[in-house]
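Enquirer: This is the structure, below, for whatever I ask next.
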Amino acid sequence: MSLDIGTKSTIHQLGTTRSALDALSVDDATVLTLPLPELMEGAAALRDALFGTRVTYSPKVFIPLTSLCRDGCGYCTFSRSPARAEAPYLTPDQVLAIAARGAQAGCHEALFTLGEEPEDRYDVAAQWLADHGYSSTVEYLAAMCRLVTAETGLLAHSNAGALAPDALSLLRTVSPGQGMMIESLNPTLMAHRGAPDKTPERRLATLEAAGELAIPFTTGILVGIGESPQDRVTALRAIADLHRRYGHIQEVIVQNFMPKPDTVMRNEPACPQDEFLRTIAMARLILPSDVHLQAPPNLSEDFGPLLDAGIDDFGGVSPVTVDHVNPERPWPALDRLREVTERHGKFLAPRLTVYPEFARRPEQWIDPGLRFAIMDRSDAESLGRDDPGAMFPESHADAKNVGTGAEVVQIGRRSTVWSSGSEFAPTDLVPSRRRGFGGPVRGVLDGIASGQEPGVDEIVTLFGARGGEVAEVAEFADHLRSRAVGDDVTFVRNRNINYTNVCTFKCTFCGFSKGPLSLNLRGKPYLLTLQEVAGRVREAWDLGCTEVCLQGGIHPSFDGDYYIDVCRAAKEAAPDIHVHGFTALEVTEGAKRLGEPLEKYLQRLVDAGLKSLPGTAAEILDDDVRAILCPDKIDTEEWLECHRVAHSMGLTSNVTMMFGSVEEPVHWARHFLRTRELQRETGGFTEFVGLPFVHMAAPIYLKRGARRGPTWREVVLVHAIARIVYDGLIDNVQASWVKLGLDGVRQLLQAGVNDVGGTLMDENISRAAGAAHGQQLDERDLDAVVQGIGRRLRRRTTNYLTPPTHQLDLHGAPTHSPEVILR
């Protein structure tokens, strides 16, 4: 359909579906003649419909591999002759030094810039390559891309110019994305005289070959080098047509020409601002809806109008290196980039060298050797991780055995970026004075406030919150917390008893369980005797614990009676202690091994003293994800059915969700909704417990198959959105401080959380996966955190009642006993 570009109404009527927006069409006359304000209004409306309030950028380092080039473009100061270059190429050590500085500063991208085939023009370049064992610049580039990713984890992005298919194919194995500017398809431009690689035929052939090879590709046009407005439209339509054939253009750059001293075009005028903004706006309207639009912020004194014209990306911005193509134009500081973006009603989000649309389909777009490198730097939306700090690839030595658990030992370069279970404090996101600017997130919150119940789409929208939107979601959730449970922060004194770490199941995320006789990162196999279990229960009671949590592996020698025997042993050791035990997997497997109906088996456990079930073994209640994480474990419906039956018999349980490994926000949403429906049916869940994936020694991570846990923003949102989704159904939201630390708990207590869980002496499972938080923290430290935010710490029972006075007096240590070891 044709677009009435002078208003936003047509776009709004179509909604935000890609198919509807792709149906829009705009003719050349419209984009060339419509008044600029109307054109920009239409482009910005389309951008908003496609990308909401999010604007991306790529934190990068700029690696000028060689400034020698066989082309002589009239505007270029990057290209130099051998006499003016310090050396024909950067050495591997120089390349690595630049890349390491970038990784240390939290960059995700190593942008390699270089001249085109300098060995064809300069003997010194050919000789240097031969002396170092390379036959071409592209071969050396590929080696350096591989080196940088292996040593620093940065993802290479290669801008090697017009290349033949074999060169593109070689670089595809080491560089997730590649790029080459079209610039213009006008063959008569003075700017390209003396540049054999800038012919339209050669540029378009490269772009087409990249499509045939399924390479996520960056291209663009240069505005103001002598081309006409119609030339710009022609180039943009050619790019759009190639993308419609191959789907490989991830972004188009619209760059404004600026004359530079010592170039042929030094006396030419700079691109007029109005022409630049018109070109950006018409690019947004001409390009397919799944192509991102970028303009460099450092080439404009005021880059805010670029947002008004319709861009959704600022491209690479470096905190470490200059723009070697435009060295006279420094990058804006990230704080200023963020400030200007938010002033225009948008929020910044870091991305990778490949956009999420491509990273989510690695089988089609990404070489197998690069898939983990991308995953390792991705968040759940396949954007770049946004926690500040140094980030390097991880490797580990053998574990140190600690009691019945294990602790991993990391070797090599150390990251300082926060991750679940690490010793580093998370960045402060809550509370915050930053707020959103309307948009989809605000719309969902307003709908919930007016009584609407969030579904999958609304929950996924909330998980997309960035910047001040995160604080808005957290504040909304905390209001619901205050209304539901008041200001008390609760905890239970308990002990965790992992009776065995031997397991016949093969959960790919588990750093705790193992097969018989194994000795690896996760420590030695063990099996506690019933006497040892009873002794630990008795010790817990004497220390003031009111609960024991019984969980372990599924030992091959167990029949279902083992769990009943463990229950009896616990109750005999401390008759009044609450037995919180056995996951849905253990219960279901026990019943199967005895050939008993689930209800009958659960009744036997109740008769032996079981009072409640933990919600673990849920992981993600989506069978597509479970096929990766726990393929031989109970499926989603079996987990739900176990808890349904348990609730029908008077047992309570909780909802857990392990997040941050391989799943996406839509899977979190489904998990929330499936458990919400069961709670509406049974009312048996007492709390939600978020369990951030601890990656360090998890087998799936060590086998290069998972992310390194959630980002801190995702942790905050999971807990806050859980409060929102379960409002009125599950009153308690718990934070796991063994995975998050007290600095993390402090923030979550202001984002909808009201409970910090149990003391969990002998907590082995998180430590076996690599968590660094210890067990020697007494209640005074927790109380200090709670009082510091104006709340009150209160001890509870498993089912959120206040322990009887006689139990506190006769069987409990003092409230601030330093002997009590907190989880």
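Residues are listed down the side, and each one gets a yes or a no for (1) surrounded by 15 or more Cβ atoms within 10 Å (Cβ to Cβ); (2) in the same structural domain as Arg244 (by TED's automatic domain parsing); (3) at pLDDT below 95:
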site	(1), (2), (3)
Pro272	no, yes, no
Arg284	yes, yes, no
Val291	yes, yes, no
Leu299	yes, yes, yes
Val320	yes, yes, yes
Pro327	no, yes, yes
Glu357	yes, yes, no
Ile366	yes, yes, no
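Enquirer: Return a yes/no flag: does the stretch 459-480 have any residue that is in the same structural domain as Lys633 (by TED's automatic domain parsing) and without any contact (Cβ under 8 Å) to a residue 24 or more places away in the chain.
Expert: yes
Enquirer: Go through the stretch 46-57 and give me each residue that's aliphatic (A, V, I, L, M) and either surrounded by fewer than 21 Cβ atoms within 10 Å (Cβ to Cβ) or closer than 9 Å to Asp312 by Cα (or both). Give the derivation first.
Expert: In the first step, residues of the stretch 46-57 are kept if they are aliphatic (A, V, I, L, M); the result is 46, 49-50, 55.
Answer for the stretch 46-57, where residues must be aliphatic (A, V, I, L, M) and either surrounded by fewer than 21 Cβ atoms within 10 Å (Cβ to Cβ) or closer than 9 Å to Asp312 by Cα (or both): Ala49, Leu50, Val55.
Enquirer: Of the conditions (1) of a type outside the set (A, V, I, L, M, F, W, C); (2) modelled with pLDDT under 95; (3) over 19 Å from Ala240 (Cβ atoms); (4) buried (at least 19 other Cβ atoms within 10 Å of the Cβ), Asp4 satisfies every one except a single condition; which number is it?
Expert: Just one mismatch for Asp4, condition (4).
Enquirer: Which residues, taken from the stretch 469-488, are assigned to a helix (DSSP H, G or I), more than 27 Å from the chain's Cα centre (by Cα) and not polar (S, T, N, Q)?
Expert: Passing the criteria: Arg483, Ala484, Val485.
Enquirer: Let me spell it out: the conditions are (1) of a type outside the set (Gly, Ala, Ser); (2) at pLDDT 90 or above; (3) under 19 Å from Gly709 (Cα atoms); (4) surrounded by fewer than 21 Cβ atoms within 10 Å (Cβ to Cβ), and Asp379 meets all of them except one. Which number is the exception?
Expert: (4)
Enquirer: For the stretch 291-319, enumerate the residues that are touching a His at 6+ places or on another chain (Cβ under 8 Å) and part of a loop (DSSP other than H, G, I, E, B).
Expert: Those that are touching a His at 6+ places or on another chain (Cβ under 8 Å) and part of a loop (DSSP other than H, G, I, E, B): Val291, Asp312.
Enquirer: Right, another one. Within the stretch 658-690, count every residue that is out of contact with any strand residue (DSSP E or B) (no Cβ under 7 Å at 6 or more places or on another chain) and over 15 Å from Trp639 (Cβ atoms). Can you show your working first?
Expert: We begin by selecting, within the stretch 658-690, every residue out of contact with any strand residue (DSSP E or B) (no Cβ under 7 Å at 6 or more places or on another chain); these are 661-667, 669-670, 672-674, 676-678, 680-683.
Within this subset, residues satisfying the condition of being over 15 Å from Trp639 (Cβ atoms) are 661-666, 669, 680, 683.
Residues that pass the stated criteria total 9.
Enquirer: While we're on this one: Which ones in the stretch 686-720 are of a type in the set (A, V, I, L, M, F, W, C), in contact with a Lys or Arg (Cβ under 9 Å, 6 or more places away or on another chain) and farther than 16 Å from Asp478 by Cα?
Expert: Across the stretch 686-720, the qualifying residues are Leu691, Phe693, Val694, Met696, Ala697.
Enquirer: Of all residues in the stretch 683-727, how many are of a type in the set (Phe, Trp, Tyr), at pLDDT 95 or above and more than 27 Å from Pro431 (Cα to Cα)?
Expert: 1
Enquirer: Also: Scan (1) buried (at least 20 other Cβ atoms within 10 Å of the Cβ); (2) modelled with pLDDT under 95 for the single condition Pro516 breaks and write down its number.
Expert: It fails just one condition, (1).
Enquirer: Considering (1) of a type outside the set (Ser, Thr, Tyr); (2) assigned to a loop (DSSP other than H, G, I, E, B); (3) more than 37 Å from the chain's Cα centre (by Cα), say which one Ala617 fails and leave the rest.
Expert: Every listed condition holds for Ala617 apart from (3).
Enquirer: Go through the stretch 210-225 and give me each residue that's surrounded by fewer than 24 Cβ atoms within 10 Å (Cβ to Cβ), more than 19 Å from Asn326 (Cα to Cα) and touching a residue at least 40 places away in the same chain (Cβ under 8 Å).
Expert: Within the stretch 210-225, Glu212, Leu213, Ala214 qualify.
Enquirer: Looking only at the stretch 642-654, count every residue that is in a helix (DSSP H, G or I) and either farther than 13 Å from Thr675 by Cβ or within 31 Å of the chain's Cα centre (by Cα) (or both) and tell me the total. Show your work before the answer.
Expert: So the first thing to find is which residues in the stretch 642-654 are in a helix (DSSP H, G or I), and the list is 642-648.
With either farther than 13 Å from Thr675 by Cβ or within 31 Å of the chain's Cα centre (by Cα) (or both) added as a condition, the list becomes 643, 645-646, 648.
Total meeting the criteria: 4.
Enquirer: Let me ask you something else. Check every one of the strands (runs of 3 or more DSSP E) wholly within the stretch 79-189 and list those with 1 or more residues that are of a type in the set (Asp, Glu) and within 30 Å of Ala349 (Cβ to Cβ).
Expert: Here the list reads 109-114.
Enquirer: Residues being touching a Leu at 6+ places or on another chain (Cβ under 8 Å), over 30 Å from Arg371 (Cα atoms) and in a helix (DSSP H, G or I): count how many of those fall in the stretch 206-237.
Expert: Residues that pass the stated criteria total 7.
Enquirer: Filter the stretch 59-90 for residues that are in contact (Cβ under 8 Å) with a residue 24 or more places away in the chain, farther than 24 Å from Val354 by Cβ and of a type in the set (D, E, K, R) and give the result.
Expert: Arg70, Asp71
Enquirer: Over 13 Å from Ala608 (Cα atoms), in contact (Cβ under 8 Å) with a residue 12 or more places away in the chain and either in contact with a Ser or Thr (Cβ under 7 Å, 6 or more places away or on another chain) or in a strand (DSSP E or B) (or both), is that true of Gly535?
Expert: Judged against the criteria, Gly535 is not a match.
Conditions tested, residue by residue: (1) in contact with a Phe, Trp or Tyr (Cβ under 9 Å, 6 or more places away or on another chain); (2) farther than 21 Å from Glu208 by Cα; (3) modelled with pLDDT of 95 or more.
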residue: Leu129; (1), (2), (3): yes, yes, yes
residue: His132; (1), (2), (3): yes, yes, yes
residue: Glu139; (1), (2), (3): no, yes, yes
residue: Glu151; (1), (2), (3): yes, yes, yes
residue: Leu155; (1), (2), (3): no, yes, yes
residue: Ser158; (1), (2), (3): yes, no, yes
residue: Arg172; (1), (2), (3): no, no, yes
residue: Leu189; (1), (2), (3): no, yes, no
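Enquirer: Does Gly106 satisfy being in contact with a Phe, Trp or Tyr (Cβ under 9 Å, 6 or more places away or on another chain), buried (at least 21 other Cβ atoms within 10 Å of the Cβ) and either at pLDDT 95 or above or among the small types (Gly, Ala, Ser) (or both)?
Expert: No: the conditions fail for Gly106.
The values are calculated or read from the model by the stated rules, or taken from the named source; none is laboratory data. Remember, predicted model here, so these are calculated numbers, not experimental data. FYI the Cβ positions are ideal-geometry reconstructions off the backbone, even for glycines, and counts take in every protein chain you see.
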